[in-house]
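Student: Quick one: the structure is below, and I'll ask about it shortly.
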Amino acid sequence: MADPWLEAYNFAIEIAKKAGEIRRASESEIKISTKSSTVDLVTATDVRVEKIIIGALKEKFGDDVFIGEESASKKGACILTDEPTWIIDPVDGTTNFVHGFPFVAVSIAFAVNKELEFGVVYSCFEDKLYKGRKGQGAYCDEESIQVSDNKDIKKSVIISEFGTDRDRSKVKKICSTMERILLIPVHGIRGTGTAATNMCMVARGSVEAFFEIGIHCWDVAAGAVIVQEAGGVVCDVNGGPFDLMSRRMMCANHADIANRVIKEIEIFPSDRDDHLHIVNPYQAFKLLL
Amino acid sequence: MSDPWQECMDYCVEVTKRAGQVIRDALQKDIDIMEKSSPVDLVTETDQKVEQLIISSIREKYPSHSFIGEESVAAGAPSILTDNPTWIIDPVDGTTNFVHRFPFVAVSIGFTVKKVIEFGIVYSCVEDKMYTARRGKGAFCNGNPIKVSGQQDIKKSLVLTEINFKKDVEQFNTMMNNVKTILTIPVHGIRSPGSAAINMCLVACGSADAYYHMGIHCWDMAGGAAVLTEAGGVIMDISGGPFDLMSRRLIVASSRAIAERIVKEIKEFPVGRDDQ
């Protein structure tokens, strides 16, 4: 039987590359604003690129639902339904983009009946396109990729990020988790600064695991497919099943590594993407009127 | 008068390219790992092979020059810096990255005469970026001039540093406390690419605004120091005093303001010296 989502998949690949090219071209004209804090950045390019991606997709797949980072921050809750749904991050790694740090990704995922069908991550400055279609393996450009075969935590490299929340108690917990992991010991802790790229690092075997609390569904949806199709595992930071809207995620080359890292993670509460959250008191006031 | 060290530098670039190719070839195959001072201090045959290639190539042309190479020192060679023309070599900076194929691995070479760094070469092999800098003549990446971001405001900065396992509990805690302090200034972010030489070049080309580290070695710093300085960056000791190549520590930044702020915020711990 023909793949019902093949056309969508190929189109996603095309549009991710186009979006990445726009991003590379706009390196010089970066105007920055902030979102939830002074270190949670967004640029005019982010908004423009998301409009271009959604515009192109809506033109071809107008009946589908769209969950995109920049549209979501204005509207509130992201609800995942059974409907064909595109989950888009026009730039994963805005801080990197602003600084010219070489990891910036366009991330596009597609879900039907709440199941992820495919994911595409285009790492713009590396010019690498990662993709995974459910049941068909994972690729970087035309080469098939696999997770690392190392099951020894003491020979592993783990990715852990500090995120954009500078609340001291959260920073303390994040660092405390990193400390425990370092003392296992592991070979090292690294970070590229973008969740989508970090997941691709797991998928291609450059690191054994990546986890984060505080990411959004659009940061990890595509990466989740790619990691799984590369032979890895994706789950919750408590070891339970992966919950796309939970704002937390653990992925690894193997369950043994995932479970060992999970033992050290100090979990702190995070909002869900499918809960309505108030960005500022003025917005709350307006909602009450 | 022509530049007495330009010929050395041109030859160095050639040798570095060859060394980089050896590393890239090795990345296609399986890599056996050995441990040095601890289970996370790794070395491979490639580190040793590349260092031998570099030293023997240079010795052939410049038999009177001195060498300080990471793997030779590990094998017992001295690491005292004299006035003699000296090549300071890290054949594979980012061995952990190399072993895991995390894309930041570099050949780093700094050349000193009378203890002054005359030129530096850092070749980021996976990215295929050749950073070069001759004292007084600017810094380049693949032939294109590079310069630091010029960022003055620490709250708009992207800071690089590395965190790793340490046997000494107090040092480990100080390292982590420094990270928490810097993060909550707040800065835009902290990144850990995993190669000191590349970290210095990332600051040099404006992709990051600062890098600080205690516990590295002269061979990690010599090449990058030239690139960073020639790109207009600031380099100093963790205490705020002048940079000391044998001190096993440094701060580099896009501006004096950022470097001095980092000096103010972080606490030191003893790391020994390369010349002891």
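Values in this text are rule-based calculations from the coordinates and carry no lab data. This is a predicted model, so every value here is computed, not measured. Every residue, glycine among them, receives a Cβ derived from its backbone with ideal geometry; neighbour counts consider all protein chains shown.
Student: Among rounded, prolate and oblate, which fits segment B:6-145 when a ≥ b ≥ c are the square roots of the eigenvalues of its C-alpha gyration tensor, a/c under 1.5 means rounded, and a/b larger than b/c means prolate?
Tutor: Oblate is the answer for segment B:6-145, as a/c is 1.5 or above yet b/c matches or exceeds a/b.
Student: What does the helix-only formula give at 222 nm for chain A: each DSSP H stretch with n ≥ 4 adding -39500 (n - 2.57), the total divided by the residues, and the result rounded to the nearest 500 deg cm²/dmol?
Tutor: It lands at -11000 deg cm²/dmol.
Student: I would also like to ask the following. Take the Cα coordinates of segment B:154-265, assign each an equal point scatterer, and use the Debye formula without solvent to give log10 I(q)/I(0) at q = 0.10, 0.16 Å⁻¹.
Tutor: -0.24, -0.64
Student: Count the DSSP beta bridges whose two residues both fall in segment A:153-262, then state the antiparallel fraction as a percent rounded to the nearest 5.
Tutor: Looking only at bridges with both residues in segment A:153-262, the antiparallel portion is about 60 percent.
Student: Ok, one more. Under 8 Å for C-alpha pairs, at least 6 residues apart: give me the relative contact order for chain B, rounded to a whole percent.
Tutor: Relative CO of chain B lands at 17 percent.
Student: Largest first and in whole Å, give the semi-axes of the protein assembly as shown's equivalent ellipsoid, each being the square root of 5 times a Cα gyration tensor eigenvalue.
Tutor: Semi-axes, largest first: 41, 24, 23 Å.
Student: Let me ask another. Sorting A:Trp86, B:Trp5 on the 10 Å Cβ count, fewest up front, what's the list?
Tutor: Sorted ascending by nearby Cβ count, the order is B:Trp5, A:Trp86.
Student: Ok, one more. Counting alpha carbon pairs within less than 8 Å and at least 6 residues apart, what relative contact order, in whole percent, applies to chain A?
Tutor: Dividing the mean separation by the residue count of chain A yields 17 percent.
Student: Separation of segment A:113-177 and segment B:129-161 by C-alpha centroid, Å?
Tutor: Segment A:113-177 and segment B:129-161 have Cα centres spaced 29 Å from each other.
Student: Based on DSSP H runs of at least 4 residues, each adding -39500 (n - 2.57), what is the mean residue ellipticity at 222 nm of chain B after dividing by all its residues, to the nearest 500 deg cm²/dmol?
Tutor: Value at 222 nm, helices only: -11000 deg cm²/dmol.
Student: Taking neighbour counts of Cβ atoms within 10 Å as a proxy for exposure, in what order, fewest first, do A:Asp92, B:Asp47 appear?
Tutor: Fewest to most other Cβ atoms nearby, the residues stand as B:Asp47, A:Asp92.
Student: Check every DSSP H run in chain A and write down those whose alpha carbon atoms cover 24 angstrom or more along the long axis and whose mean Kyte-Doolittle hydropathy is -1.0 or greater.
Tutor: Counting only whole DSSP H runs, the qualifying helices are A:6-25, A:44-60.
Student: Something else now. Once the Cα gyration tensor of chain A is found, what semi-axes does its equivalent ellipsoid get, as square roots of 5 times the eigenvalues, in whole Å, sorted largest first?
Tutor: 27, 24, 19
Student: Further question: Two decimals is fine: what is log10 I(q)/I(0) at q = 0.10, 0.13, 0.16 Å⁻¹ for chain B, from a Debye sum with one equal scatterer on every Cα and no solvent?
Tutor: -0.46, -0.81, -1.26
Student: Next up: In nm, what is the difference between 0.36 nm times the number of residues separating B:Ala74 and B:Ala257 and their Cα-Cα distance?
Tutor: 62.2 nm
Student: Report, as an integer, the average count of C-beta atoms from other chains found within 10 Å of each Cβ along A:177-189.
Tutor: Other-chain Cβ atoms within 10 Å of each residue's Cβ, averaged: 6.
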